[in-house]
1. Going through region A:100-114 one residue at a time, which ones are assigned to a helix (DSSP H, G or I), facing another protein chain (nearest Cβ under 7 Å) and either in contact with a helix residue (DSSP H, G or I) (Cβ under 8 Å, 6 or more places away or on another chain) or touching a residue at least 24 places away in the same chain (Cβ under 8 Å) (or both)?
2. Return the only residue of A:120, A:97 being surrounded by fewer than 20 Cβ atoms within 10 Å (Cβ to Cβ), modelled with pLDDT of 95 or more and either farther than 22 Å from residue A:17 by Cβ or at the interface with chain B (Cβ under 8 Å from one of its Cβ atoms) (or both).
3. Tell me, please, whether a residue that is in contact with a strand residue (DSSP E or B) (Cβ under 7 Å, 6 or more places away or on another chain) and under 30 Å from residue B:125 (Cβ atoms) can be found in region B:81-94.
4. Can you spot a residue in region A:118-128 that is touching a helix residue (DSSP H, G or I) at 6+ places or on another chain (Cβ under 9 Å) and under 24 Å from residue B:106 (Cβ atoms)?
5. Here's a check for you: in region A:57-70, which residue that is in contact (Cβ under 8 Å) with a residue 12 or more places away in the chain and either more than 23 Å from residue A:3 (Cβ to Cβ) or within 13 Å of another protein chain (Cβ to nearest Cβ) (or both) is nearest to DNA strand D (Cβ to nearest atom)?
6. Checking the condition near DNA strand D (Cβ under 10 Å from one of its atoms), touching a helix residue (DSSP H, G or I) at 6+ places or on another chain (Cβ under 8 Å), more than 10 Å from every other protein chain (Cβ to nearest Cβ) and in contact (Cβ under 8 Å) with a residue 12 or more places away in the chain, which residue from A:54, A:2, A:82, A:20 passes?
7. Determine whether residue A:126 is more than 17 Å from the chain's Cα centre (by Cα) and under 24 Å from residue B:168 (Cβ atoms).
DNA sequence: ATTTTCATGTAATCTGTTACATGATTAC
DNA sequence: GTAATCATGTAACAGATTACATGAAAAT
């Protein structure tokens, strides 16, 4: 049996929320799990074929709006089992952040522009922070914060999104202000 | 001119710390920037060739320990210019965290094992938190925290690493304890 | 009328990982 | 003597992005 990729497990996870088409999954992939895992439809369609071949999903074909049939996927028992086995395994750590990478070489570029960059990053984070804080509160009111709730995972992911934005906001704000110090020091010396 | 990849800019960033061989860069890539960007030597060697072709690095060949010549790379003015242009541009956001993805489907697996998973993640984060806190303090004492210091970037990256571990610790601890609630509720009901 | 949404696919390319391959020197 | 470190490379494969391609229905 061909092993399931991380994307495959991500799709199975999304399908625990109910049957969906590839198109649906492309959008479901955006919020909130998209804050921590992304995929384009060109990656999703072939992956669904593979999951179907492995018996982890069942396909139901119907009339499509375009020239092709619309395919609705449902997770199978085999899919649930595979997911349940994968979940408790230690996750791979795959760090990749251009935002932080750029900070590593921050003083190789114009400090004014770098300060602007991190200020704008902080501004975006501040906005998201507000939006997501409100969303999280709404979720809590709807009972999502109880671990037995079927959408508890959405709550947990959004909570992490919120904390991450908070850290980004604090760090980018700190970095921007430090970079502005360089500019004013320089001005004073000239 | 072939455009420089993100990995190429990462290598140029590392080379602002001084000339290095591919082997050196493979290790320099580990701390602290490796907390946010990783690359294997098999990716680094061909990328250095490309940077050399583009004139962004200069190569000096010497006697190697093995069968091949040892190549030392130095960043050129052209390399510094390319880096300085890339740095202030808005970074791509490339989120990929299996750790959070697994939380999205947390209640599709055995809560005992999931609680253990997030507890062990929290434990690892707690250890790193301590180590990195001490490292960051040492850096501050050596003056790295001043934005004009040539290693300010190391400080900024490690600071972000520290904050990220703190968030991971808090979140994973919260998640583990919530998952344990499910178990005790279940026990009570049985 | 035009754009957005729904809906599915493929091809070309780029990026990244794992494995294979060589060999001297230094540390245990 | 065995393992780790220094040092550079390639090949095969897997994973991900961008672009191309089609076409109906609904919304603006």
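1. Residues satisfying the conditions are A:100, A:101, A:102, A:103, A:104, A:106, A:107, A:108, A:114.
2. The match here is A:120.
3. yes
4. Yes.
5. Within region A:57-70, the match that is nearest to DNA strand D (Cβ to nearest atom) is A:70.
6. On inspection, the qualifying residue turns out to be A:2.
7. Spelling it out, residue A:126 is indeed more than 17 Å from the chain's Cα centre (by Cα) and under 24 Å from residue B:168 (Cβ atoms).
Residue-by-condition table, conditions (1) assigned to a helix (DSSP H, G or I); (2) more than 8 Å from DNA strand C (Cβ to nearest atom); (3) more than 24 Å from residue B:109 (Cβ to Cβ):
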site	(1), (2), (3)
A:42	yes, no, yes
A:55	no, yes, no
A:59	no, yes, yes
A:68	no, no, yes
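The values are calculated or read from the model by the stated rules, or taken from the named source; none is laboratory data. These numbers come from a predicted model, not from an experiment. Because the Cβ atoms are built from the backbone with ideal geometry, glycine has one as well, and the counts that use them run over all protein chains shown.
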